[in-house]
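Have a look at the structure below, then the notes.
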Amino acid sequence: MVKCDYCGAEIEGLPYRCKYCGGTFCVWHHLPENHECPGLRRALSPSQLERAWAAPVRPARRHRAAYVSPGELASLAAGALAVAFAWAYPFTARSLLAAALVALAAYLPHELAHKAMAERYGCAARYVVSPWGLLLTLASAALPVRLVLPGYVLIACPAGAGEEGLVAASGPLTNVVIGSLALALSGAWPLLRSLASASAVIALFNLIPLGGLDGRKVLRWRPAWWAALLAASLALLLLSSRGALIQDSTSL
């Protein structure tokens, strides 16, 4: 029985051979980005993979346990550290704690929501680091507005437009839910207000309907959903910012 060169699982049926590195892989790791292919730079670009969503054939559903490779874990850690660095500046004890909350409870859940929703529909999904995005995120530590784009979830799946919209909406929706809970509990722990504000900022940034951001896909799918998510994110940002101003004024 032939085994996958990446995960070691026995391959049922015909194995997949990667034309970039020559390895043999199972159905879940045959894409170059899913087996850390050394020839990934020669593989399909993210925009080409994204266009596979438009294919009319729906993939066969196959429920399986979520899988995160060591390479993907390293990418997630790099992205989270970049976001934490941007939010931690100017590196006080309080800002470091707030930055850890933002990275672990706002940024990572956003990306993992995309991955989980895509895999729910039988798609191949993997978080990858964007070198330029990583640099811009780190550089934004000195800017009034933090940029949150150290990486993205690369998805390859011939699915319907509705599923693409749901996958895109899952990230900002996760931020709105987490931010609302943080705001509701901020009376007991004021630092949660920073988490609520950061969750709103991440949701709003991703809802911009440009390029490969979530907003373009959600707006194309359901304009009403995009408007509702945008309104909820704005309300969350205003409420969390207003609460912070009130807190600061009462402490003077």
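When Trp189, Trp87 are compared by accessible area of protein heavy atoms, the largest-first order is Trp189, Trp87, using a 1.4 Å probe. For Lys217, the accessible surface of its heavy atoms amounts to roughly 40 Å² (probe 1.4 Å, protein chains only, rounded to the nearest 10).
Rolling a 1.4 Å probe over the heavy atoms of the protein chains gives the range 109-179 an accessible area of 36 Å² per residue. The charge dipole of the range 86-173, taken about the Cα centre with unit charges on the Cβ atoms of Lys, Arg (+1) and Asp, Glu (-1), comes to about 260 debye, rounded to the nearest 20.
Between Ser95 and Cys7, the FRET efficiency from the beta-carbon distance, with R0 = 41 Å, is close to 0.55.
For the range 114-125, 3J(HN,Hα) computed residue by residue from phi via the Karplus equation (6.51, -1.76, 1.60; θ = phi - 60°) reads 4, 5, 5, 5, 5, 5, 4, 9, x, 8, 8, 9 Hz, glycine and proline entered as x.
Using a probe of 1.4 angstrom and keeping all protein chains present, the accessible surface of the range 188-227 works out to 45 square angstrom per residue. Residues Tyr152, Tyr121, sorted by accessible area with the largest first, give Tyr152, Tyr121 [1.4 Å probe; ligands and nucleic acids excluded]. Express the carbon and sulfur contribution to the solvent-accessible surface of the range 158-240 as a percent, rounded to the nearest whole number, probe 1.4 angstrom. Answer for the range 158-240 is 78 percent, counting heavy atoms of protein chains only.
Surface composition of the range 89-144: carbon and sulfur make up 76 percent of the accessible area, probe 1.4 Å.
The values are calculated or read from the model by the stated rules, or taken from the named source; none is laboratory data. Note that this is a predicted model, so its numbers are computed, not measured. With ideal geometry, Cβ positions are generated from the backbone for all residues, glycine too; neighbour counts draw on all protein chains shown. We work out accessible area using only protein heavy atoms, side chains counted, and drop any ligands, DNA or RNA first. Shrake-Rupley method; radii C 1.70, N 1.55, O 1.52, S 1.80 Å.
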